[in-house]
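Notes follow once the structure below has been shown.
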Amino acid sequence: MTSITELRDTLISLLPPPDDGSGRAVCERLDELRVMRNVLDHQIAVHIALLEALGAAARAGSTTRSWLIDMGMPPGVAQRGARIAAGLGSLPKVADCAAEGYLAAECVDAVVRGIALIDKQAAAALSDDDRSEFESELLAQAFSGATPAEIASDARGIAIRGVEEDPDTVAAADDASLNSVHTRVTDEGRVAITADVTAVIGEKFLTMIDERSCPRPEPDGAEDRRDVAQRRADGLELLLDQAAIGAAMTTAGAPRTQVLVTIPADGADPARLPWVGAVSTSTTRRLSCDGGVAEIVLDNEGVPLRMGTTKRLFPHHLRQAIIVRDVCCVKCGAPAAHTQVHHVVHWADGGPTDLDNGCLLCQRCHTQVHHHGWSVVMGPDRHPWLIPPVDIDPRRLPRPSYNRRTMRLDDVLV
Ligand SMILES: [Zn+2]
Ligand SMILES: [Zn+2]
């Protein structure tokens, strides 16, 4: 019998198949390799199950999963292998197909997890007949070309069916008692948020975030430089700002204050936010551009000296005038409802709160102006112009605001 070392050497020295240029031979080879990978993954699961049955890791005071990671398996792969190993014993049809290489480990895992979910949600333990029926149903899905996510969704459907037959149980997807939101301030002063919520809350969140995180072109016409996760984070901030406005409207015109920033009068210590603590000067400046922040200046003893809000906030009529001039975010074109009014010359540097010193910026572009080197200047045409940072345009040529993108600076200088 060929040893595994000989098999490995054969694979290492595998030559590409001769191909007529159509790619057919390469495709055939890839398909063979795919099946081989499936067979290998199944063999790994079988051996993990064997190791677990021997109880060797437990006797050494460890777990099989830790042993696999110590061996060099990435944690996710070790976790999946251990899960499949534990689940396959009661799923003989899936095990047979996996052994022959017909199923990828990801699909086997989806079926194993699906059956575990159905099991967990069922009011009583699954009978052998029921388990076999659900196994066949999910296996049929896998063979019809369903992705692991689709198999998981199908399993949830079966689980819900089971729950609905029993009025006393609640599906995990609907069980509000399992909900949790955890927040943690990191050593760098960032905030890590994790949430585990019902399907309905999750759907609301995804819908609201999706609406607010579509890509927008950069002022130079390039594609949005943010990745999906960054766009979602920007969408989350916008959502929170809009929620604060909505909350103020429902509390009969109470001031829209969502964040309180305290600033030591002598400037010796950084400004602070109540939840996350010390923040940088540029963050303080960006926050104070926005009407949703109350600033309190403290004396040496921590006693409030003054609340600085009235002079720097753009009143409604001025905001309306700026909307008429700018129409949308001057940098990316986000709708006016998504924008804040930015002071071109910051109010702390003596910048007035008037039409010629305010421009519309969405949350994300506002951050780029205060933190990432973008500047706004008021042009001789009394419209705002944007100056990119050096790493985007070494010449730092001014660009017109979004609603005037077809213009060039020469048009207004002559
Ligand atoms: Zn913008
Ligand atoms: Zn600003």
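The values are calculated or read from the model by the stated rules, or taken from the named source; none is laboratory data. None of the values given here were measured: they were computed from a predicted structure. Cβ placement follows ideal geometry from the backbone for every residue including glycine, while neighbour counts extend to all protein chains displayed.
General observations
- Counting only residues that are under 13 Å from the mean Cα position of the chain (by Cα), assigned to a strand (DSSP E or B) and surrounded by 10 or more Cβ atoms within 10 Å (Cβ to Cβ), the stretch 194-230 holds 1 of them.
- Residues that are modelled with pLDDT of 90 or more and of a type in the set (Ser, Thr, Tyr), drawn from the stretch 352-391: Ser375
- Only residues that are surrounded by 12 or more Cβ atoms within 10 Å (Cβ to Cβ) and in a helix (DSSP H, G or I) were counted in the stretch 10-26, giving 2.
- Unique residue being more than 36 Å from the chain's Cα centre (by Cα), at pLDDT below 95 and either surrounded by 10 or more Cβ atoms within 10 Å (Cβ to Cβ) or not assigned by TED's automatic domain parsing to the domain that holds Ala85 (or both) when the list is Leu7, Leu50: Leu7
- From the list His366, His372, the one residue that fits, being within 16 Å of Glu218 (Cβ to Cβ), within 16 Å of ligand 1 (Cβ to nearest atom) and surrounded by fewer than 17 Cβ atoms within 10 Å (Cβ to Cβ), is His372.
- Selection status of Arg382, more than 11 Å from ligand 2 (Cβ to nearest atom) and in contact with a Ser or Thr (Cβ under 9 Å, 6 or more places away or on another chain): no
- Close pairs (7 angstrom Cβ cut-off, 6 or more residues apart or separate chains): small (Gly, Ala, Ser) and modelled with pLDDT under 80 in the stretch 273-302, away from ligand 2 (no atom under 14 Å from the Cβ) and not in a strand (DSSP E or B) anywhere: Gly291/Arg256; Gly292/Ala244; Gly292/Arg256; Gly292/Thr257; Gly292/Gln258; Ala294/Thr257; Ala294/Thr309
- Checked against the criterion of being under 13 Å from Pro219 (Cβ atoms), away from ligand 1 (no atom under 14 Å from the Cβ) and not hydroxyl-bearing (Ser, Thr, Tyr), the candidates Arg404, Arg399, Arg382 yield just one match: Arg404.
- Among all positions in the stretch 23-32, there is no residue which is of a type in the set (Asp, Glu), within 26 Å of Ala116 (Cβ to Cβ) and assigned by TED's automatic domain parsing to the domain that holds Ala104.
- Hits in the stretch 68-77 (condition: part of a helix (DSSP H, G or I) and either modelled with pLDDT under 95 or surrounded by fewer than 18 Cβ atoms within 10 Å (Cβ to Cβ) (or both)): Ile69, Asp70, Met71, Pro75, Gly76, Val77
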